[in-house]
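Every read-out reported here was derived from the displayed coordinates using simple, explicitly stated rules and does not represent laboratory data. Being a predicted model, the structure only gives us computed values, none of them experimental. Note: ideal-geometry Cβ built from the backbone for every residue, glycine included; neighbour counts use all protein chains shown.
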Amino acid sequence: MTTRRTLPPVEVDASTPAHAVPHRDPLLAALPPRARAVVVLEAGAFLATPLGHMLLRCLDPAQEAELRNAGADVRRIDRVAFAAMEEDQTMMLLSGDFRGQPRLGALGPREAPYGDKAQLFAPDEAATDAGTEPDHAPHGALWNDELWVLSQSEPALRQAVDRLEGRTVAPESFDPNEAYGEVYGRLDARFLRRILPSELLEKLPDDSLEADFHADASEDVVLTVDVSGRPETTRDLGKGLASLLALSRARAVEEGEQRLAELLDVYAVRLDEQGFSLDVAFPQSLVREALGKCAEPPPDEDTEDDDA
């Protein structure tokens, strides 16, 4: 098991014992404060699960080589994170071992060093020549050969490096204590309005609501979403979601959509004082069926599993 490097605390009171001061996670420290959405995929852990093995088997060798040549070797990436910021700006972060990797395929040549351990990269001119609007072309920063930060906003990259190197202190965008599971994150009400079905939008009258989610993919994929906010708002939303899921399942059964009906059959909505929780299970068998023959293990892999 690989031990992750951590960052020292930014501000420490001299009277605080060293063992009582939590160190910072570089990827979480680099995330923009007050992000509207944060999604983190523990890529290394996910690829080690049965579902991850299926996806790797379905990854065409030519596609994997193309990704590797573009600097996105899936086997060298530890985590992938996405953050939605204000004004439709986004940030993507890749953590892993990037020593000897000059740049990512989406970026141009190295532009300049920044701070103590970062290198800044300009957008790829070929991408802008091919029609990508300059405002949407990603800038990049590689920090300490272990963390790529990509964003349309170069100032946002510099601010991320400043947070990493302790030059600025900002509110955490994601609570490190909530960083568990193969996938986890947080969505605020503004982001939820963009993805929720129209039937539920009227149940989001204010911006107090927040949703934290975690997915465990160790066997079947189990997704848990905890929604909190003003009790009257979140409870109404929870009841509306339960009704919508029940109606959708009944419609799937009526229309003969067996796979969808099976998916909608394994969920639970639980109301509580703070809001509600949603649990959804995605059986491994359904994922294997959706992926097709490529997801099946080769005979020698089956034999190895039997011997083990």
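Here are a few things to note about the model shown:
- Residues 188, 272 arranged by fewest to most Cβ contacts within 10 Å: 272, 188
- Fewest neighbouring Cβ atoms within 10 Å first, the residues 214, 53 line up as 53, 214.
- For a modelled paramagnetic label at residue 194, 7 Å from Cα along Cα-to-Cβ, the residues of the range 80-121 in reach, with backbone nitrogen under 18 Å, are 81-93.
- Net charge of Cβ neighbours under 9 Å - reference residue 295; Lys, Arg +1; Asp, Glu -1: +1
- Amide H partners (placed H, <5 Å) of residue 152, local residues excluded: 90, 139
- If R0 is 51 Å, the Cβ-Cβ spacing of residue 272 and residue 125 corresponds to a FRET efficiency of close to 0.45.
- Neighbours of residue 232 by Cβ distance under 15 Å: Lys/Arg scored +1, Asp/Glu scored -1, total -2.
- Where Rh is the Kirkwood radius over Cα pairs, Rg/Rh for the range 146-244: 1.05
- Using a cutoff of 8 angstrom between alpha carbon atoms and counting only pairs six or more residues apart, the relative contact order for the range 181-295 works out to 25 percent.
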